[in-house]
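Data block below; observations after.
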Amino acid sequence: MVGHNLPCVVDKRLFQYTSIYGGSGEETCTLKINPNALEKVNRVVATLD
């Protein structure tokens with residue numbers, strides 16, 4: 001989920017990719033996002049190495 005102001009933990013290994021994919025809540029749609037944007041649209045409270 002993105003943009004819901006929920007606490008988020010991000011795995012630093014995601015940053016090796018230019019894009020990552022996740023569910024969008026719609027059966028026929030997928031979210032494609034740059035990993036750097038995760039820190040902008042989420043409330044990151046911790047990172048995993």
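The values are calculated or read from the model by the stated rules, or taken from the named source; none is laboratory data. As the structure is a computational prediction, the values presented were derived from the model and not from experiment. Please note: Cβ atoms are built from the backbone with ideal geometry, for glycine as well, and neighbour counts cover all protein chains shown.
Observations
- Residue in segment 23-34 that is in contact with an Asp or Glu (Cβ under 9 Å, 6 or more places away or on another chain), of a type in the set (Ser, Thr, Tyr) and without any contact (Cβ under 8 Å) to a residue 40 or more places away in the chain present: no
- Counting only residues that are more than 8 Å from the chain's Cα centre (by Cα) and not in a loop (DSSP other than H, G, I, E, B), segment 1-20 holds 9 of them.
- Among (1) small (Gly, Ala, Ser); (2) in a loop (DSSP other than H, G, I, E, B); (3) modelled with pLDDT of 95 or more - the single one ALA46 does not satisfy: (2)
- Filtered by the rule that a residue be among the polar types (S, T, N, Q) and under 17 Å from THR47 (Cβ atoms), segment 1-34 gives GLN16, ASN34.
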